[in-house]
Each structure stands twice: as structure tokens, then as C-alpha cells.
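Colleague: Okay, handing you the structure first.
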Amino acid sequence: MLGLMQSQPLLISSLIDFAERHHGEAEIVSRRVEGDIHRYTWKDVARRSRQVANALDGTGLLFSDRVATLAWNGYRHLELYFGVSGSGRVLHTINPRLHPDQIAWIANHAEDQVLCFDTTFLPLVQAVHARCPGIKLYVAMCEADKLPQDSGVPNLVSYEAWIGAQPTGYEWPVFDENSASSICYTSGTTGNPKAALYSHRSTTLHAYAAALPDVMCLSARDAILPVVPMFHVNAWGIPYSAAMVGSKLVFPGPAMDGKSIYELLESEKVTYAAGVPTVWQMLLGHMKPNNLRFSTLKRTVIGGSACPPAMITAFNDEYGVEVLHAWGMTEMSPLGTLCTLKNKHLDLPAAEKMKIRLKQGRAIYGVDMKIVAEDGGELPWDGTASGDLYVKGPWVVREYFKGEGGDPLVNGWFPTGDVATINAEGYMQITDRSKDVIKSGGEWISSIDVENIAVAHPAVAMAACVGMKHPKWDERPIVAVVRKPGSEVSREELLKFYEGKTAKWQIPDDVVFVDAIPIGATGKMLKTRLREMLKDYKLPGT
Ligand code: AMP
């Protein structure tokens, strides 16, 4: 017997319709490429998204055709999120930090037909357009009078001219909720990038789950500043969840330095922010020496790479901002787990609470997870056994776009490539990427643990731990360290700093000071590149 409730497809257009009707007056504030502040409301986003949809009809794009963006977090990008997907086309957010060769490759692979770009990225467009014959229209996201002249880019129009003349009415089409809505290519540190192809259903369900109180806890009373880029996994789905709850949104544009972010947090009374640890490092680095305080910020979700304990302490203890440590990945839309305390943890001593906060957290309803040993057997949830983390759920990939890389699933589960423990209460902790794990004398050493201790030292700005071949132990960890400007710390001092903080055999064998640690297009440390940098390195005593 079937239930007798209405069957209505979960479509992204319903989010913008809802935001317009119920939260039409809530503000969207953007720092523009030009440096000024632009301000309007959800009502305006909805109206202009419909103009985008009309413009796409006029450009001759059909259902499921791809529209690419090379853009910062800003209001026009938001309009494309709703106008492109809402009208049944597929939004392909390209990461502008990729090499032009990769950008050309993925634009061709995705078969993009329109490319909308912030004018900052004109040089990238100039570098790739000749190699992207499928793109029939280039849209510079600016006013008509700011359209770059003599750029050499063919079929170039300004965004405002493109949508400005369009009617503001549009009837969003109704179609199967499993239809594709957006594409995001993985960082692809090896081989060609692979693409996660999200659907309206997966995106809407993820938006519901992300907004829950023990997940991102978003509401109409929040002013949210996503520093996490809209070109990487849809800014963790925040644009969709924000429309669903009707919160204010504040976009930083290209200005992601500590000073600019701090000013925006204060001037727009931001209550909630989201970003990767490196961004918050810059923010804290600006605030401390200038003796600044937050007047409205209450919570910040930090993910993308492990949040160091020193950062959790700084936010929680010094600034009274709750850190929500999150884990996920492109293939998971991205959210998988989020760390919030349970009632029984609230009275624990601070050090015990910190141990929990350092974990990546509990699974969100909708995401099922398990850890498995090398032989494929499931490992216990005892907080000690660590193994490959597998997930499944309605917003986890089933297949990569165009079948790239074969079948990614193992008996219906997606192997994340992360290595983790899960404790009896279901708190998951990532210890490594499987390819970064260090195996010493048959035991695993977590590179994240080694890095966290190093960055807790006041003179250390950044640390990356890698395993080096060792004749007796198979591998031993070393830590590459970037010192803070003007700070001094010696190899011996740093190795001493590890004593008492971890088991003796987990203390790295050596410290290598470097000017910079290579960072990839999504802000993560590129250990493959670091290993190349250290290819002539020899462990002491070997
Ligand atoms: P991406 O698909 O580029 O978002 O990268 C996903 C990967 O980032 C995950 O598989 C993890 O290896 C890593 N990652 C994301 N969040 C965290 C976190 N909170 N702690 C440690 N690693 C993380």
C-alpha cells in the first residue's frame, strides 16, 4: 500500500521561491571585485535568477546543458546557482586556482556551453578560450560599461547586458528530482580530475540536513559569511541551506585576507562563518596583534582539513566563538560528519572536551559510515581501531560523471580514501589520508597528530608531516615546518616540544624548515609535491 501524501519533486527552484516568499527582505551583502559593497535582498536574487533563466533560454541552452562559472563568492554567482539549476541546466563551478590546462580540460570534459566569469579571471579565460571550442558564450560578470575591451575573447557579453533586458517572470520547470543540478570536479592530485554530478534531490536533502541544529545549525536569525568558496563543493551547500532558512548572507568576494574578513564580520554583524583552517589562521593572525574582538560572531564551522587544537582553543577560549569541526568531501556534497558535544559532555573538564572537539564528529542523518581493515572486514567502534572510512547515503556519489575511473563503490559503499577511528558514541576521527599514512614498525602514525603538535608551538605557522623510508622501521615521520615571521625555533627545541605530548615512537625523527608548504587548489597541503621537494632528503642516521 502506498502512502497518500503529495509527491512533489525536490527542486532547487523551490528554495529560491521559498526564500523570496518568506524571507524576501533578508539581505545579501557582497564585497565586489571592484572593492565596493553591494547590498540587496533574497527578493532581488529571485527576480534576477529568473532573468538568468530567460537569458539561458535566449542563448538556446537546452535541459541539462552545462553553464560554467569562474567566480568568487558574490551575488551574481548566487543568481547563477538558482537561475542555471532552477531552469534545468547544470551549473559547473570551476576552481580558478587550477592550472589553465586543467581548466580547459574540465571545461571540455563537462561540455560547458556558457562560461560566466568575474573580471579578475579574464587572463584565465584568455588563456583557455581557444582550447574550448564548445563554449559559445562568455559572460563577464560586470556592468555593460565595465566590459573588458580588446580582450580577444570571442562572443563576450557583460552579465548585466545579458540578463538586464530579460523579463523578470519565469515559470520554473517541474522535472524529475534526480536530474543533474551541478558539477564539481575533485581536486585530482593524481591523474585527471573526476566529477561529482549532484542532483536536485541530493542537493535539497543535503541542504535540509546541513541546516539541522547539530549540524551547521542555521536559522533566519543568522548572518552567514561563507569564506569557503562557491567554486568548491557549492560552498558546503550554504547558499541552498541559507535560502531554505532565510538567513542573511555575506560574501567576501576576492578579499579573503584577515583584515578584510574581520571588517566584514563586524560591519555586517555576522553571527556565523565557514571556512578552511588556513583562512582562519589569517584572520586570527590579524586579530591578535591588533587586539581585536568579535562583537557578533557566535559559531564557525571549520573543515576541509583537520582543525588544529590551537585554533579551536583560540576561537573558543579567547574569543568565545564555538568551533564546529566538520568533515566531508566533494563526493559527499560535501557534509558527512560534524562535531558537536552531547549533553553528557558539557560538564567534562576542558581537556576532555577538547579531545572530543578535535574529532571530525558524528554522522549526519542520511550518512552511514563504517571503518574497514585491509582485508575488508569491518572494524569495531572503539576509538582505537583505525581503518579505511567508507560511507553511503543519498548525497554520496554513485558514479563519477561519464563513468571516469570505473565503479567507485565497494558493495554499495564509497571508500573515502581517509583513514579514521570511530568511538563507541559514534564520533569519527580522521587520522590520515590513506596515501599519507605513515607505517612505522607495523604501527600507524597519524600525520595529523604530528602536525597538530607542531602548530601548537608559538613559533610555528604551518607544519606538514610525511613518512620517509627507513631501513629498520619501514617508514619514520619527519615534519616540514614554516616558522612564523620574526619567530625563531630550532630543530632541537621543536623535537623537545613533542615530549610528553605523544608516544615516544610517534615523535618525528627530524624537523625540516621550509619557506612554504605547497598548497593545492582547494587550500589543502599537497604532500605529493612536498615529497618531491624532499626527494634528496636522508633521515638522520640512515
Ligand atoms: P575535497 O573533496 O577537496 O573537499 O577533499 C576532501 C578531503 O579533505 C577528505 O577526504 C579529507 O581527506 C579532507 N578533509 C575534509 N575535512 C577534513 C577535516 N575536518 N579533517 C581532516 N581532513 C579533512
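Readers should treat all values here as calculations from the given coordinates under stated rules, not as data from a laboratory. Only a predicted model underlies this, so the values are computations on that prediction, with no experimental measurement involved. Glycine gets a Cβ as well: all are built from the backbone with ideal geometry, and neighbour counts include every protein chain shown.
Colleague: For Val174 paired with Thr502, estimate the spin-label separation in nm (one decimal), with each label point 7 Å from Cα along the Cα-to-Cβ line.
Modeller: Reported label-point gap for Val174 and Thr502 is 5.7 nm.
Colleague: While we're on this one: Residue separation times 0.36 nm, minus the C-alpha to C-alpha distance between Phe63 and Ala127: what's the value?
Modeller: Taking Phe63 through Ala127 to full extension adds about 20.2 nm, to one decimal.
Colleague: Where in the stretch 480-496 does the amide nitrogen come within less than 19 Å of the point 7 Å from the Cα of Met354, taken along Cα to Cβ?
Modeller: Counting only backbone N, you get 494-496.
Colleague: How do Ser219, Ser49 rank when sorted from fewest to most other Cβ atoms within 10 Å of their own Cβ?
Modeller: The fewest-first ordering by Cβ neighbours comes to Ser219, Ser49.
Colleague: May I ask what percent, to the nearest 5, of DSSP beta bridges between residues of the stretch 1-131 are antiparallel?
Modeller: Antiparallel bridges: around 35 percent, rounded to the nearest 5.
Colleague: Ignoring everything except DSSP H segments at least 4 long, calculate the 222 nm mean residue ellipticity for the chain; use -39,500 (n - 2.57) per segment, divide by total residues, nearest 500.
Modeller: -7500 deg cm²/dmol
Colleague: How far apart, in nanometres, would the label points at Thr278 and Ser219 be if each is projected 7 angstrom from Cα along the Cα-to-Cβ direction?
Modeller: A separation of 3.5 nm, rounded to one decimal place.
Colleague: In addition: Arranged by the count of other C-beta atoms within 10 angstrom, fewest first, what order do Arg47, Arg476, Arg21, Arg76 take?
Modeller: The most exposed by this proxy come first: Arg21, Arg47, Arg476, Arg76.
Colleague: Can you tell me what share of the DSSP beta bridges in the stretch 298-373 is antiparallel? A percent to the nearest 5 is fine.
Modeller: Antiparallel bridges make up about 60 percent of those DSSP assigns within the stretch 298-373.
Colleague: Using only Cα atoms and rounding to the nearest 10 degrees, what angle (0 to 90) does helix 200-211 make with the longest principal axis of the chain?
Modeller: 60
Colleague: Using only the alpha carbons of the chain, determine the length spanned along each of the three principal axes and report them from longest to shortest in whole angstroms.
Modeller: Extents along the principal axes, in whole Å: 71, 65, 49.
Colleague: I would also like to ask the following. Multiplying the sequence separation of Tyr40 and Arg21 by 0.36 nm and subtracting their Cα-Cα distance, what value in nm do you get?
Modeller: 5.3 nm
Colleague: What do you get for the angle between helix 75-86 and the principal long axis of the chain? Use alpha-carbon atoms, 0 to 90 degrees, nearest ten.
Modeller: Orientation of helix 75-86: about 70 degrees from the principal axis.
Colleague: Mind giving me the nanometre distance, one decimal, between the label points for Tyr365 and Glu378, set 7 Å out from Cα along Cα→Cβ?
Modeller: Calculated label separation equals 2.2 nm.
Colleague: At a Förster distance of 22 Å, what's the computed FRET efficiency of Ala516 paired with Lys538, Cβ-Cβ distance as r, to 0.05?
Modeller: According to the calculation, E is roughly 0.50.
Colleague: So, one more: Once fully extended, how much extra length lies between Lys402 and Asn108, figured as 0.36 nm per residue of separation less the alpha-carbon to alpha-carbon distance?
Modeller: 104.6 nm
Colleague: Here's something else I'd like to know. Between Lys484 and Thr120, what is the FRET efficiency for a Förster distance of 22 Å, r being their Cβ-Cβ separation, to the nearest 0.05?
Modeller: Working from the Cβ atoms, E equals 0.15.
Colleague: Here's a follow-up. Would you order Ser260, Ser202, Ser446 from fewest to most other beta-carbon atoms within 10 Å of each residue's own beta-carbon?
Modeller: By the 10 Å Cβ count, ascending, the order reads Ser260, Ser446, Ser202.
Colleague: I'd like the orientation of helix 277-287 relative to the chain: the angle between its Cα long axis and the longest Cα principal axis, in ° from 0 to 90, rounded to 10.
Modeller: Relative to the chain, helix 277-287 is tipped by roughly 90 degrees.
Colleague: Calculate how many DSSP beta bridges within the chain are antiparallel, expressed in % of all such bridges and rounded to the nearest 5.
Modeller: Counting DSSP beta bridges with both partners in the chain, the antiparallel share is about 55 percent.
Colleague: Highest mean first, what order results for 338-347, 485-494, 51-60 on Cβ atoms within 10 Å?
Modeller: By packing density, highest mean first, the sequence is 51-60, 338-347, 485-494.
Colleague: Below 8 Å, C-alpha to C-alpha, sequence gap of six or more: please give me the relative contact order for the stretch 379-518 in percent.
Modeller: 17
Colleague: In addition: DSSP loop (so not H, G, I, E, B), at most 14 other Cβ within 10 Å: list which GluC sites (Glu not before Pro) in the stretch 413-458 pass both filters.
Modeller: Glu425
Colleague: Can you list, largest first and rounded to whole Å, the semi-axes you get for the stretch 365-422 by taking the square root of 5 times each eigenvalue of its Cα gyration tensor?
Modeller: Listed largest to smallest, the semi-axes of the stretch 365-422 are 22, 13, 8 Å.
Colleague: In addition: For the stretch 160-252, just say rounded, prolate or oblate: build the C-alpha gyration tensor, square-root its eigenvalues into a ≥ b ≥ c, call rounded for a/c under 1.5, and beyond that prolate if a/b exceeds b/c, oblate if not.
Modeller: It is rounded, given that a/c, with a ≥ b ≥ c, falls under 1.5.
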